[in-house]
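Novice: Would you mind keeping the following structure in view while I ask a few things?
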Amino acid sequence: MFGAEETFVHSRSQIAQRLSAGDISFVLDADPKKLLEIASNDPDAPFFIALRAENLNAEPALRSSLYALSWSRAKGIVRREAGRHLIRTEMDRALGGDGKNIDGAKLLATVRRFHKDYPLDPEVRGILASGLLGSGDYKGVRALFTVKNPAITEKERGAEVIAAVADGAKDAKALLERFFLDIPVGDDYEWTLMELTRLIPESLSSDPSIRVAERAA
């Protein structure tokens, strides 16, 4: 990576100069301890390095490490965006071939921590709701959404519907009808319908009004 006479970049000014020139070669094969050195000198740097690494199709595991470093050390918007990108990258890894070694419980814990800091972030709240569904925590899903902070995105509303039906909630029927009538047919709609069919197949056929609402949608 470097010649014998060259040392690892460690000063904030050197990091900034290389980043501004689009050079992240000093990171791509770096020892993890060197990544900590970068984060110690400039907590924001790992985030921006990881963004450039995405354009270079660098290893997802490396990008996750970089995002995690900024999330744990940076502040403000950079910290929030580093957390978001970490979750997205880990989700992609979990769904793809690189995710065979992803610890689902650890990923869910990461999402929980992010949600604790940014409880109204709709994207992460939807991801957390999906994770809680996967673990069978239907009441946990319902607790994410309140009158003051209702489910907004299609993913959130889908998770809310699934949890309500699976838990036998009193408002399950009303949520189902509104979902089928309001949500446009797309990926989240299909995901919700698939999960409903998998979890409680009789729920979609036992009540004629639900079938009518679905056909109308």
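Novice: Would you kindly state how much longer the chain becomes between Asp117 and Ser72 on full extension, computed as 0.36 nm times their sequence separation minus their alpha carbon distance, in nm to one decimal?
Specialist: 15.0 nm
Novice: Here are some pairs, Lys139/Lys170; Lys75/Lys106; Lys75/Lys139; Lys106/Lys148; Lys34/Lys116; Lys116/Lys170; which of them have Cα atoms lying more than 21 Å apart in this structure?
Specialist: Violating the 21 Å limit, Cα to Cα: Lys75/Lys106; Lys75/Lys139; Lys106/Lys148; Lys34/Lys116; Lys116/Lys170.
Novice: Mind computing the radius of gyration and Dmax over the alpha-carbon atoms of the range 76-168? Å is fine for both.
Specialist: 13.3, 41
Novice: For the pair Lys106 and Thr153, how long in nm is the line joining their label points, each one 7 Å along Cα→Cβ?
Specialist: Modelled inter-label distance: 2.4 nm.
Novice: Another one. Within the accessible area of the range 50-148, what % is carbon and sulfur when the probe is 1.4 Å and the other protein chains stay in place?
Specialist: Percent of accessible area from carbon and sulfur atoms in the range 50-148: 53.
Novice: So, one more: If r is the Cβ-Cβ distance from Leu36 to Ala94 and R0 is 30 Å, what FRET efficiency results, to the nearest 0.05?
Specialist: The pair Leu36/Ala94 has a calculated efficiency of 0.75.
Novice: The range 122-185: D in µm²/s via Stokes-Einstein (Kirkwood Rh, Cα pairs, 10 °C, 1.306 mPa s)?
Specialist: 138
Novice: With charges only on Cβ, +1 for K and R and -1 for D and E, what is the dipole size of the range 133-179 about its Cα centre, in debye, rounded to 20?
Specialist: 120
Novice: For Glu54 and Ala143, FRET efficiency with R0 = 41 Å and r from the beta-carbon atoms, rounded to 0.05?
Specialist: With R0 = 41 Å, the Cβ-Cβ based efficiency is 0.75.
The values are calculated or read from the model by the stated rules, or taken from the named source; none is laboratory data. Because the structure is predicted, anything quoted here is derived from the model rather than measured. Note that each Cβ is placed from the backbone with ideal geometry, even for glycine, and that neighbours are counted across all protein chains shown. With ligands, DNA and RNA removed, areas are computed over all heavy atoms of the protein, side chains included. Shrake-Rupley method; radii C 1.70, N 1.55, O 1.52, S 1.80 Å.
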